[in-house]
Structure formats: C-alpha cells, structure tokens
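Engineer: Dropping a structure here in structure tokens format, bear with me for questions.
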Amino acid sequence: MNPENVEWIKSVRRRIHENPELAFEEVETSMLIRRELARMEIDYKFPLAKTGIRAMIGTGGPPFVALRADMDALPIQELVEWEHKSKNDGKMHACGHDVHVAMLIGAAKILKARENHLQGTVILLFQPAEEAGNGAKRMIADGALEDVEAIFAVHVSHRLPTGVIGSRTGPLLAGCGFFRAVITGKRGQAANPHKSVDPIFAASAAVISLQGIVSREANPLDSQVVSVTFFNSGDDLDVIPDRVEFGGTLRAFSNASFYQLVKRIEEVIVNQARVFKSSATVDFFKDADTIYPPMVNDDHLYEHVKKVSTDLTGSKKFQVVQPVMGSEDFSFYSEVIPAAFYYIGIMNETLGSIHSAHSPHFMIDENVLPIGAATHAAIAERYLNDQVS
Ligand SMILES: [Zn+2]
Ligand SMILES: [Zn+2]
C-alpha cells in the first residue's frame, strides 16, 4: 500500500475507534463503511442483520469467495489515554473489531484496483453483533452466504508480534454454551425431612454427577469443559425449600462433542432429580443466541491461508497456534460452508500493545492495518485464481 492509503486506512480505523457502537447498534459505523464503499464505486447490499453490509467486487460470477469483518464494540470503559480514545462513555473497541473493519475496507481498495484481474467475485461481509446476539447467524439468514463457496476471517491477537499470522488446521476455538437448571421439590420443616422433597439434596447430587461427564465419558484427548458457576436456593436455616436453581457453562472443540455435552447435561440433571423424587428442567438458552458452535478450520482453506501469508510476509511470519477455549460467532459460517479463521499479531512491547482483548487497556500497533488489508486481498484473489487453474 502506498503511504497515502496507509494514512487513509489508519484514519478509518481511528474514526471507528472513537465512536464504538454495541451489538446491532452499529448505525454510524455501518454508514461510514457504506460511504467508503460508495467512494470506491463498490456495489453493496444493505441492510443484512439490521446494520450489516454485503459488498461485491469482481466479475459478478462464480466462483464466489467471502471475507468477513465484525463491527461491534464492547460495554467497557476505555482506559487507554490517547488522541483517539472512545468518545462514547462505557463503550470501547476492546476486541479490535474497528481494526477488522478498517483492514477489510483496505482490502476492498486493493481488490477494486485489481478488479480486472479477479477470476470471480469477492464478497465482503461487514457483520454486526459478534460479541452478543449471534450477528453471524442473522447475516446467514439474510443471504450473506448466497453463492459463496469459501469464507475467511481474521482476528487481531496480542499474543503474536505485529504482522505475524497464526492459525491451525482443525479445531481452533471452542463451542460455547450456557445452561440453567431448576430442580423442584416440596417445601417443609427441616426437622421433618420425610415430609418434604429436598431439592438441595437432589441438586447437590446433580452437580457432582455433572463432573463425571467430562472425566468419565469424554475422550481425554478431546478437550471439554462443564463448569457449574452458580447455585441458589432458600435462605431459611430451618426450612427445606421447594426449589433450587443452578447453572453454568460448557465448552467443546467439535460439534459432535458439543451437542453430546448438551444432551448429557440435561439427562444427568433430570435423572438425578428423579432419583431423589424431585423434578428438573434445563434451559440452554437456544433462542437467546448464547450458543456458539466450535470453530473448526477447513484443512484446504487453512493451507491456503498459510501459503498466501508465507508468500506475502515470509515463513518466519507464520505460526501454528494452539486451540483456545474462547469462542467466535464466525463458527456459524463454518457450519454452512468451508471456512478458515486466522490471527494477525498486534503485539508491540515498545508501544505497549500487550493487553488481551476485552481489557480496558487493550490497544493495537496500527502498523498491522496495511499488512492485514494486503493479506485479506491476497487470500481472496489467489483463492479465485486457484479455482480456475
Ligand atoms: Zn471479543
Ligand atoms: Zn473479537
């Protein structure tokens, strides 16, 4: 990228950073993106998923490859003192989604300039609500993946030095879900337990038994987590209550393991309640958009990311990374078509960009912007070339 374009992409990122907007409220961010797209004479469809955008560069025909950026910020008060600090109290781009948008707009500029060379169509997806609300799911419902055969996305990482690309084949991010159980018994005087049905006893047995799912049923080489994080019941020292509520979270690295956990958590709680003559219901908040499937990279697309990024920045600038228990709603796309997710480093100790995402001290090395834009563009253009040759 020439210096002028580097300044432009930085200014785009800074404007978005100053005005962070939460899930499904990315009105001005979306407007800024559309203005930049219009200026570059790039066609787009709007809205998808309320504030989302689907832009198109290339022949308009197959093959179609998509690049995705998320747009939403977090309900966090920025504690970084700098010229372009968040102007919205209690809101901050603490996960780098401002950077993702700027890099994708930068890629749009590169691809538009090379439009005559493209052997197909690149779809640019600007998606709302990654942090909350399953924006990806709604984008798909609104046609984001129409005709698309492969999709890529990048996330900034404070664990990798600026510009270093990291990814892995197969499982990269865990599937994440939550559950809340209610066990119902019969209230009574604690001195006469035989006249009540004690839900605390039943719930205690259920909590213990839940720990047996991962330790006794899951393959030890297939990492999974079940954690009970709250347990509420009565507050009288002399009365057996009629109800206990408890719940927690589950994580797994494959869809099969994830949905097996969901099934077994429900079975264990319902059946343990029955053992002690009480009854149970378990809610996994399926309608509240709190379930994230695991992010599993497609082998071919992972190899493509690795090849393109090493060609672009050198083999020392590519790292195989370990899977992490965090989650990303990009996994919804990967349930529909082959997908690859990769990281790009923003860590620079001199600058102090060493804080993890979701920290109020989170900051980035802006030198990542042109590298990310070029990587995006090369991944898409060369994907199309490979399909034709
Ligand atoms: Zn985040
Ligand atoms: Zn994020």
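The values are calculated or read from the model by the stated rules, or taken from the named source; none is laboratory data. On a predicted model such as this, the values are computed, not experimentally measured, just so you know. Don't worry about glycine lacking a Cβ; one is built from the backbone with ideal geometry, like all the others, and counts go over all protein chains shown.
Engineer: For Pro128, all conditions in the list (1) touching a Phe, Trp or Tyr at 6+ places or on another chain (Cβ under 7 Å); (2) at pLDDT below 95 hold save one; what is the number of the exception?
Structural biologist: Pro128 satisfies every listed condition except (2).
Engineer: Additional query: Could you tell me which residue of the stretch 57-73 is farthest from Asp329 (Cα to Cα), considering only residues that are in contact with a Phe, Trp or Tyr (Cβ under 7 Å, 6 or more places away or on another chain) and outside any loop (DSSP other than H, G, I, E, B)?
Structural biologist: Val65
Engineer: Looking at Ile9, Ile76, which one is part of a helix (DSSP H, G or I) and buried (at least 17 other Cβ atoms within 10 Å of the Cβ)?
Structural biologist: Ile9
Engineer: Another one. Just to verify a result, which residue in the stretch 98-113, among those that are surrounded by fewer than 24 Cβ atoms within 10 Å (Cβ to Cβ) and of a type outside the set (Lys, Arg), is farthest from ligand 2 (Cβ to nearest atom)?
Structural biologist: Taking the candidates together, the pick is Ala113.
Engineer: If the requirement is being assigned to a helix (DSSP H, G or I) and closer than 30 Å to Val270 by Cβ, which of these qualifies: Asp287, Asp386?
Structural biologist: Asp287
Engineer: Hey, could you check the stretch 26-35 for residues that are touching a Phe, Trp or Tyr at 6+ places or on another chain (Cβ under 9 Å) and not basic (Lys, Arg) and say which is surrounded by the most Cβ atoms within 10 Å (Cβ to Cβ)?
Structural biologist: Once the filter is applied, the top-ranked residue is Glu26.
Engineer: Could you name every one of the strands (runs of 3 or more DSSP E) located completely within the stretch 144-252 that has at least 3 residues being surrounded by 17 or more Cβ atoms within 10 Å (Cβ to Cβ) and either of a type in the set (Val, Ile, Thr) or in contact (Cβ under 8 Å) with a residue 60 or more places away in the chain (or both)?
Structural biologist: Hits in the stretch 144-252: 148-161, 165-167, 170-173, 175-184, 243-252.
Engineer: On to the next question. Which of the numbered conditions does Leu104 fail, given that it passes all the others? Conditions: (1) under 18 Å from the mean Cα position of the chain (by Cα); (2) more than 16 Å from ligand 1 (Cβ to nearest atom); (3) not in a helix (DSSP H, G or I).
Structural biologist: (3)
Listed here are the residues, each with its yes/no results for (1) in a helix (DSSP H, G or I); (2) at pLDDT 95 or above; (3) closer than 21 Å to Gly120 by Cα.
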residue	(1), (2), (3)
Thr310	yes, yes, no
Gln319	no, yes, no
Ser327	no, no, no
Ile346	no, yes, no
Leu351	no, yes, no
Phe362	no, yes, no
Asp365	no, yes, no
Ala373	yes, yes, yes
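Engineer: Next up: Which is touching a Gly at 6+ places or on another chain (Cβ under 7 Å), hydroxyl-bearing (Ser, Thr, Tyr) and closer than 28 Å to Cys95 by Cβ, of Ser157, Ser167, Ser196?
Structural biologist: Result: Ser157 is the single residue among Ser157, Ser167, Ser196 that is touching a Gly at 6+ places or on another chain (Cβ under 7 Å), hydroxyl-bearing (Ser, Thr, Tyr) and closer than 28 Å to Cys95 by Cβ.
Results for (1) more than 16 Å from ligand 2 (Cβ to nearest atom); (2) more than 11 Å from Pro20 (Cα to Cα), shown as yes or no for each residue.
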| site | (1), (2) |
| --- | --- |
| Pro62 | yes, yes |
| Val65 | yes, yes |
| Met71 | no, no |
| Lys87 | yes, no |
| Lys91 | no, no |
| Gly96 | no, no |
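Engineer: Right, another one. State all residues of the stretch 335-364 that are polar (S, T, N, Q), out of contact with any His (no Cβ under 8 Å at 6 or more places or on another chain) and touching a residue at least 60 places away in the same chain (Cβ under 8 Å); if no residue qualifies, say none.
Structural biologist: Passing the criteria: Asn348, Ser359.
Engineer: Among the residues of the stretch 306-327 satisfying the criterion of being closer than 15 Å to Val154 by Cα and polar (S, T, N, Q), which is surrounded by the most Cβ atoms within 10 Å (Cβ to Cβ)?
Structural biologist: Step by step, filter the stretch 306-327, then rank; the result is Ser309.
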